[in-house]
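FYI, it's all coordinate maths here, none of it is from the lab. Bear in mind that the values here come from a model prediction, so they are computed numbers and not experimental data. When we count neighbours, we look across all protein chains shown, and the Cβ atoms used for this are built from the backbone with ideal geometry, even at glycine.
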Amino acid sequence: VATHAWRIVLRDLPEEGKSWDLAVPAADLQDAALGAVDALPACTDMHWQGEIRRRGDVWRLVGRWRVTLRRQCDRCLAPFDWTVEGSLERNYRIAEHAPDDDEEALAFPGRIDLIDVLREEVWLAWRVRAVCREDCKGLCPCCGADLNRGDCGCAPQDEDHPFAVLRKLKLG
Ligand SMILES: [Zn+2]
Ligand SMILES: [Zn+2]
């Protein structure tokens, strides 16, 4: 297993733990050779502020992150820069099994790949729909034209309107 700057080994942490307030380089987030979780289409470095502290046998990792990624608008399908932020909290224990669901059991000496933890958090956040802008008009349901670029000239077709379908269902 390759080592890199984002690997944490619980056995080697000082008693007071460790804290971060730094930029995780976009190049590291994009680098498929780092970590095991799918690399991110990051456009910017990630701001990461967090800490890991020990409480008894449990190591608690908490923090906040923010990054901008390239993704596709759910309405008009155009690529755009999506800025997202989140907070995380994870509990680790060096053991064969975790005693409860909000803890992760790690084999000795307790390796955590921070780049993977951060990527997982971003991919979880990615599941929400994202639009290039709040008033994105999307694509014409008839001809597929991007309605943000102007009217495509198709006649308005009430049948294609999502509420028209709902109305039909209610009447039917
Ligand atoms: Zn859009
Ligand atoms: Zn059209």
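Remarks
- Annotation note: trypsin sites (Lys or Arg not before Pro) in region 57-92 located in DSSP loop regions with a Cβ neighbour count of at most 14 within 10 Å are absent.
- Sorting 143-150, 34-41 by average packing, meaning the other beta carbons within 10 Å per residue, from highest down gives 34-41, 143-150.
- Zone residues, region 60-80, relative to GLN49, backbone N less than 13 Å from point 7 Å out along Cα-to-Cβ: 63-66
- For the chain, the dipole from Cβ point charges (+1 on Lys and Arg, -1 on Asp and Glu) about the Cα centre works out to 360 debye, to the nearest 20.
- Measuring spread by the Cα atoms of region 1-158 yields a radius of gyration and Dmax of 20.7, 70 Å.
- Contact order for the chain, expressed relative to its length and based on alpha carbon pairs under 8 Å spaced 6+ residues apart, stands at 19 percent.
- Counting only alpha carbon atoms, the long axis of helix 114-126 and the longest principal axis of the chain meet at about 20°.
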